[in-house]
1. Can you quote the Å³ per residue value for the convex hull of the Cα atoms in the chain, rounded to an integer?
2. Starting from the alpha-carbon convex hull of region 24-84, give the projected area averaged over all orientations, in nm².
3. Holding the Cα-Cα limit at 23 Å, pick out from Lys7/Lys37; Lys7/Lys74; Lys74/Lys122; Lys7/Lys203 the pairs that are longer than that.
4. Using just the C-alpha positions of region 197-313 as equal point scatterers, what log10 of I(q)/I(0) does the Debye formula give at each q in 0.09, 0.16, 0.18 1/Å?
5. For region 100-178, just the Cα atoms, rotate onto the principal axes and tell me the three extents in Å, largest first.
6. Counting other C-beta atoms within 10 Å, and keeping those with at most 15, which DSSP coil trypsin sites (Lys or Arg not before Pro) do you find in region 204-313?
7. Can you work out D for region 124-255 in µm² s⁻¹ from Stokes-Einstein, where Rh is the Kirkwood radius over C-alpha pairs, the temperature is 37 °C and the viscosity is 0.692 mPa s?
8. Which sequence of Ile124, Ile294 reflects their accessible areas, 1.4 Å probe, from the largest down?
Amino acid sequence: METRYFKTLVTAVEEGSFSRAAEVLHLTQSAVSQRIKFLEEQYGHQLLDRSGSALELTPAGHLVLAKAREILRKERELVDSLKGLGSDKRLALCCTPTFGMAYLSQVLNDFIRAHADVADLKFIFQQPFEALRSLRNEEFDLAVIEHCPDQEFAGLDRFALPDDELLLVAPSGAVASGPDGCVPLEALLRFRLFARRDGCSSKELLRQNLVRQGVDFADFDGMMISDDLRFTIESVIAGEGVAFVSRALVGEHLAAGRLVSCRIAGFEHRRGRSVALLPGRHADPLIGDLLACIFRAVAPGERPQLTRAAVKG
C-alpha cells in the first residue's frame, strides 16, 4: 500500500476535518475522503467517526493511526539514509520574511563557512501557517516562524526561540508622548498604516491590540499592504505612515533617530518564535549544524530545548 493513504489519515486527525486536511495536502476534500474510505475498506473497520463537528478516532482508528505514524517515521528514516549514500548534500529552509531580513544572511554565511560542500541550499519565505503546512508536506527540512495567535505545532518537533518584540514605529518627530510615556492611539490614526497581508503574525497581533482599544484598521487614514519590509520601513522613515514591525528590523533606525517607537497603553508587543521540524529530524548532523547557526544568531549563548507539541489522536 502507498504511504500517502497513511499520511492522509494522520493529517486528517491532526487537522480535525477533511477540509483542512485537503488544504494541507493540496488535495480536494473528495480525494481525502476517498483515501480514508479506502483504508476503512482495506482493514474492514471504520476508522473515523464523522458524526460530530470534528473527526474522532474509533478504537480501530487509534490502532491504525499509531501504526501509520510508525510506518511514516520509518519511511523518513529510509529516505534520509538513502540521501546519505549520495555525494551531494541538500538542505531546504523556510522562514518568515521578518526572520529572513533580520537574521538569514548571518545564519547562511555561518553555515556555508562550515559546509561549503552543500550542493543545493534552498530557502523560501512564507507566512507562519503556510510554512508549517509546507513543512508537514516535507517540502522543507525546517521552518523558522513567529507565532500567530493559537499557533499549533501538532506532530512537529519544536525549539522555542526568544520572543520577538514588535514596535509601532512612526517618523521621527511626528508624534509626542504624554506624561506617562505613552502615545495616544488617536494621534497615530491620522497616519496611513503600512501592514502585511493576512496570515502574518504581526498583523494578527496588531489586529487584536486594536480591537481591545475599540478601533480597527479602517480607522487609520488609509492602509498600504506590502510584504516588502524594506519598502515599509523606508516609507515610514520618509514620513508616509506608521507600521508595526520587529525591533530586530528597526533597531539601528531608532538609535539613529530616523524612527520613533510609540508605546501604546494596553498594547501587547511580544510574539513567540520557534524552529519547527518533522519528528526526529534534529538528529541529522547537517540539520543540527544549521540549528546551531540559527541559535547563535537569535539566542547567542543559549541552547533552546527541544519540545514536542501534543499529537492529536
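The values are calculated or read from the model by the stated rules, or taken from the named source; none is laboratory data. Only a predicted model underlies this, so the values are computations on that prediction, with no experimental measurement involved. Backbone-built Cβ (ideal geometry, glycine too); neighbour counts: all protein chains shown. All accessible areas refer to the heavy atoms of the entire protein, side chains included, with ligands and DNA or RNA removed. Shrake-Rupley method; radii C 1.70, N 1.55, O 1.52, S 1.80 Å.
1. Numbers: hull volume 49.5 nm³, N = 313.
In the chain, the Cα hull volume divided by residue count equals 158 Å³.
2. Details: hull surface 21.5 nm².
Mean projected area for region 24-84: 5.4 nm², to one decimal.
3. On the way: Lys7/Lys37 14 Å; Lys7/Lys74 13 Å; Lys74/Lys122 25 Å; Lys7/Lys203 32 Å.
Violating the 23 Å limit, Cα to Cα: Lys74/Lys122; Lys7/Lys203.
4. So the normalised log intensities work out to -0.38, -0.98, -1.09.
5. Answer, in whole Å and largest first: 54, 33, 19 Å.
6. Passing sites in region 204-313 are Arg263.
7. For these conditions, the coefficient is 202 µm²/s.
8. Details: Ile124 65, Ile294 0 Å².
These residues rank, largest area first, as Ile124, Ile294.
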